[in-house]
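Let me begin by presenting the structure, written as structure tokens, before commenting on it.
The values are calculated or read from the model by the stated rules, or taken from the named source; none is laboratory data. These numbers were taken from a predicted model, which means no experiment stands behind them. Backbone-built Cβ (ideal geometry, glycine too); neighbour counts: all protein chains shown. To get the accessible areas, we keep the full protein, side chains included, count just its heavy atoms, and leave off ligands, DNA and RNA. Shrake-Rupley method; radii C 1.70, N 1.55, O 1.52, S 1.80 Å.
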Amino acid sequence: MRSAVFSRVPIAVLALGMAVSPASRAQTPDSPEAKEARLAWFHEAKYGLFIHWGLYAIPAGEWQGRRIPGIGEWIMFRAKIPVSEYEQLAKQWNPVKFDAEAWVQLAQDAGMKYVVITSKHHDGFALFHSKVSPFNVVDATPFGRDILKELADACARRGMRLGFYYSQAQDWHEPNGAGNTWDFGPDEEKDFDEYLRGKAEPQVRELLTGYGKVALVWFDTPRLMTPERAQGFTDLVRSLQPKTLIDGRLGAAGDYVTTGDNVIPAEVQSTAWEVPATLNHTWGYREDDQDWKSPGDVAFKLVDIVSKGGNYLLNVGPMADGTIPQASQDVLRTVGRWLKANGEAVYGAGPTPWGDEHGEPSSKGAKDLRGNPLFLAREEWRVTTRPGKLYFTFFKEPRVPFDLPPMKNAVKRAYRLADGHTIRVEVEGGRPRLLIDRPIHDPMATVVVVEIEGDAVER
Ligand code: JFZ
């Protein structure tokens, strides 16, 4: 009998839905608890190294003597290069100076806590030994080494989290992949599911079964990605490595929001988010783009992003010989040295309890290029938090005395994070203010820690 009853019960229970014990619901990979558990390292890490590397590093922005404008990794698309010509680049691929240890060392020197590399970008070339497509670094090049294997081993040896960027939808090498209309015609007429079943899903399975622990999969440009197609990838990742994070560009909600390229929200965001950013104006290496962000700009953006609850995934585009441009290494190492002394204000830190310091919408209703209300950003200082501590990071000389934003909490003491130097606090009209020594200690950015009564700010 029970069974008969039982047969009705499951549907009823499912219908009731909520009858499932919280414990068992928490077990499902898509439960909020499981997601928060997956995100724990991400919230601690804050700062990662993005690596765009592939055949496009060979032309480096130029094709048949012509400079092809735009981001370097899109040269095949911008110059409408036929597959038959583009895949010849594989025969030239021989980055003999590639040293996975050196790359992970750079990430560590830079103060970065995770690395995400392009396992396959839109051009369809795999930087790993794929058994489902011969268009890969081991089978199609004189180099013949599995770059992701070497990087995964170096990351594992050094305790660095590794993630894989994978272009799940666009694949300009495949007749049924999205994006190559110059060889294969309009996407709408392609058998996209054949490409997903025949290449994309099997390659994601290879990445999640052959390269150790994968911290995250960074999907991108979700063209033609219906909820069903996206769910196929979600189920695949969850079934193979349940702890692996999925970014926000799969074509369905991932574990966190991915903003547009180099787009930093104006204010604090309540959900987990990450901004993918360039150090110059391209992801893949371009010989002619030497317009690098300054260390001060990178440090500001990092603290600005953390003060708004986000993560910063900052990119390098290695050259075809396997080395990372010295200029980008120098910027990253300079910020890394700053983080050695001031990392407490960044790693695992929470967003500002205030926000006025970020700026305000234009009072005159002015619009930005996208027609959104213009936001007048302020960049003098930012606040990040830990229980009982507020980290004020000054990027410009503050007005002194510096009035602390309104809070009910009493101030216990204040000091400079980098060297512990005491900062005098005075209370004027019930409002605590800091007598910060001038000029500020580190012109790139100086952090003053304010210890308060209580864990969190009470407004
Ligand atoms: C994509 C790629 O096309 C590009 O090559 C690079 O890998 C970058 C990280 O991601 O470019 C995008 C994708 C989405 C947006 C902008 C650029 N967007 O949502 O604004």
**Study point:** Criterion violated by P265 - all others in (1) assigned to a loop (DSSP other than H, G, I, E, B); (2) closer than 30 Å to E101 by Cβ; (3) under 15 Å from the mean Cα position of the chain (by Cα); (4) not aliphatic (A, V, I, L, M) satisfied
**Key:** (2)
Review point. Given the conditions (1) farther than 30 Å from A40 by Cβ; (2) in a helix (DSSP H, G or I), which single one is not true for A200?
Key: (1)
Review point. In this structure, is Y256 of a type outside the set (D, E) and within 16 Å of the ligand (Cβ to nearest atom)?
Key: yes
Exercise for review: Confirm whether R78 is within 16 Å of the ligand (Cβ to nearest atom) and surrounded by fewer than 23 Cβ atoms within 10 Å (Cβ to Cβ).
Suggested key: yes
Check your understanding: In the stretch 256-274, how many residues are open to solvent by less than 30 Å² (accessible area, probe 1.4 Å) and either touching a helix residue (DSSP H, G or I) at 6+ places or on another chain (Cβ under 6 Å) or of a type in the set (G, A, S) (or both)?
Key -> 1
Practice item. Working only within the stretch 238-255, note down all residues that are touching a strand residue (DSSP E or B) at 6+ places or on another chain (Cβ under 7 Å) and open to solvent by 10 Å² or more (accessible area, probe 1.4 Å). Key: G248, R249, G254
Practice item. Look through D235, D187, D139, D183 and report the one residue that is open to solvent by 10 Å² or more (accessible area, probe 1.4 Å), closer than 21 Å to G254 by Cβ and modelled with pLDDT of 95 or more. Key: D235
Point to revise | From E33, E44, residue being without any contact (Cβ under 8 Å) to a residue 24 or more places away in the chain, assigned to a helix (DSSP H, G or I) and away from the ligand (no atom under 13 Å from the Cβ) | key: E33
Check your understanding: Does any residue in the stretch 402-426 that is closer than 13 Å to A341 by Cβ come within less than 8 Å, Cβ to Cβ, of a residue that is among the aromatic types (F, W, Y) and open to solvent by less than 30 Å² (accessible area, probe 1.4 Å) six or more places away or on a different chain, and which pairs are these?
Key -> L417/Y391; H421/Y415
Study note, to complete from the structure: Taking the stretch 278-317 and keeping only residues that are farther than 22 Å from Y391 by Cβ and either at pLDDT below 95 or in a strand (DSSP E or B) (or both), one is left with N315, V316
Study note, to complete from the structure: Looking across the stretch 53-75 at residues that are of a type outside the set (A, V, I, L, M) and open to solvent by less than 10 Å² (accessible area, probe 1.4 Å), the single one that is nearest to the ligand (Cβ to nearest atom) is E73
Practice item. Kindly check whether there is at least one residue in the stretch 357-368 that is within 28 Å of R438 (Cβ to Cβ), crowded, with 19+ Cβ neighbours inside 10 Å and not charged (D, E, K, R). Key: yes
